[in-house]
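Derivation of every value follows stated rules applied to the coordinates shown; laboratory data play no part. Just so you know, these numbers come straight off a predicted model, no measurement behind them. Neighbour counts run over all protein chains shown; Cβ positions are idealised from the backbone, glycine included.
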Amino acid sequence: MQTDYHPQDVIPGGASAGAFASHPGYRRMFAPNRLTLGIFLPLRFWQGDMGVLQSQGDLVAEIDRLGFAAVWLRDVPLFDPGFGDAGQVFDPFTYMAWLAAQTSRVSLATGSAVFSLRHPIDLAKMATTIDHLSGGRLIMGIASGDRPVEFPAYGIDFENRAVRFAEAVYWFRQLVGQDRPALRGHLGTLQGADMFPKAATGRIPLIMTGSSRQSPDWIAAHADGWLTYPQATHNSEGPKRLAQNLQAWRARIPDRGFRPHMTNEWLDLVEDADFPRTPLRGGFVLRTGRKGLIDLLGEWREAGVNHAALGIQFAERPAAEIIQELAEDVLPLFPSHEGPAPLTARW
């Protein structure tokens, strides 16, 4: 039966942890009352020189070997000098496919795929391909987009991105999980065709970023998890405000089942373990020693955060040195979950 999508419809789509019991990526990252650690890519800020990405793949393989829960890849199609940030530089989907071959356990997460810019057929095809190539390790953080320059370049109305996002989420879930879905809406008409492969374990987690221009009730009903900015991180007041936001979100979830929350911080980890938590760049970057970081992560866990993605691209110390310190002194306090092993296939 063909389904007409209407933006005003509230079609529950979010799933609790039980729906992902066999999903290796989800289970490695998320469990109630626990917090795991991931690393945001790129490991160094791109300033016009591709050389900063040299050997990053080797370090990602080391991140995997050391036992981190996830690596996160940003999705920034076009460089806007007004933002001054080129993001991941590489296309995240192509790069994830390559990283899947370099790693064995670490989850591969988008942070965040811009669902308003691309058609959900293309998104679903790329996602399920990576899902299979990685053995079920794909986690999709998704967003409606915040860089106005990108939308006219795609021929898309920037002000209409909320509607496109909601419809793309619905299409995506039908395409990756249902046989021969029939769909009709603003994004097109699908009738009499199907998309393969389907998700490796039946479903790909969709982690909503911020509001993605949707209502709180929509996020509560549709999100498999929620990714938000952390509030202030240089003292305990930010985690306390974050806890209030998480309590309000979880109270709206229709089945009250567990949905994970993620946050992130750009970190300048200094050698002095006792260096206090100090905000830089107007609070955009946190400079601290490892003791301050451990305190922050503990406060996040107490607030209800289940995964912390740390970006070190603005740090002064070498990336390998920071990763090693995190692995030796921080990761044991916030270990990744064992869960099911990634699916095996000799593609």
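Here are some notes:
- Excluding same-chain neighbours fewer than eight residues apart, the aspartates and glutamates reachable from K198 by a Cα-Cα span under 14 Å are D122, D131, D179.
- Every helix of 4 or more DSSP H residues in the chain counts as -39500 (n - 2.57), and over all residues that averages to -9500 deg cm²/dmol at 222 nm.
- Cα Rg over Rh - segment 144-276, Kirkwood: 1.06
- Relative to the longest principal axis of the Cα atoms of the chain, the long axis of helix 92-102 makes an angle of roughly 60 degrees.
- Cα-centred dipole magnitude for segment 10-116, charges only on beta-carbon of K, R (+1) and D, E (-1), debye, nearest 20: 540 debye
- Dipole check for the chain: with +1 at the C-beta of Lys and Arg, -1 at the C-beta of Asp and Glu, and the Cα centre as origin, the magnitude is about 900 Debye.
- Residues D268, D194, arranged from fewest to most other Cβ atoms within 10 angstrom of their Cβ, appear as D194, D268.
- Over segment 171-238, volume per residue of the alpha carbon convex hull, in Å³: 130 Å³
- D_trans [Stokes-Einstein, Kirkwood Rh over alpha-carbon pairs] for segment 25-120, 10 °C, 1.306 mPa s, µm² s⁻¹: 111 µm²/s
- Compared with the alpha-carbon gap, the fully stretched path from N235 to A19 is longer by 74.1 nm at 0.36 nm per residue.
- Against the chain, whose longest principal axis comes from its Cα atoms, helix 56-66 is set at around 80 degrees.
- Label corresponding to volume of the Cα convex hull per residue in Å³ when calculated from the structure given, among (1) 129; (2) 156; (3) 178: (1)
- Rg and Dmax of segment 210-295, both derived from C-alpha coordinates alone, stand at 15.3, 46 Å.
- Paramagnetic label zone (point 7 Å from Cα along Cα-to-C-beta, R256; backbone N under 20 Å) in segment 288-327: 304-305
- Taking other C-beta atoms within 10 Å as the exposure proxy, I294, I139, I322 rank I294, I322, I139 from fewest upward.
- Annotation for segment 199-272 versus segment 37-82: alpha-carbon center distance of 22 Å.
- Once backbone amide H atoms are built at 1.01 Å from N, T209 has I142, L227 as its partners under 5 Å, excluding neighbours fewer than 5 places away on the same chain.
- Using the alpha-carbon positions of segment 261-330, Rg (one decimal) and Dmax (whole number) come out as 11.4, 31 Å.
- Mean silhouette area of segment 131-185, derived from the convex hull of its C-alpha atoms and averaged over all directions, reads 5.2 nm².
- In a simple Cβ point-charge model (Lys, Arg +1; Asp, Glu -1; nothing else charged), segment 137-206 has a dipole of about 300 debye relative to its Cα centre.
- Annotation: extensible slack from F314 through H186 equals 42.0 nm (criterion: 0.36 nm per residue apart, minus Cα-Cα distance).
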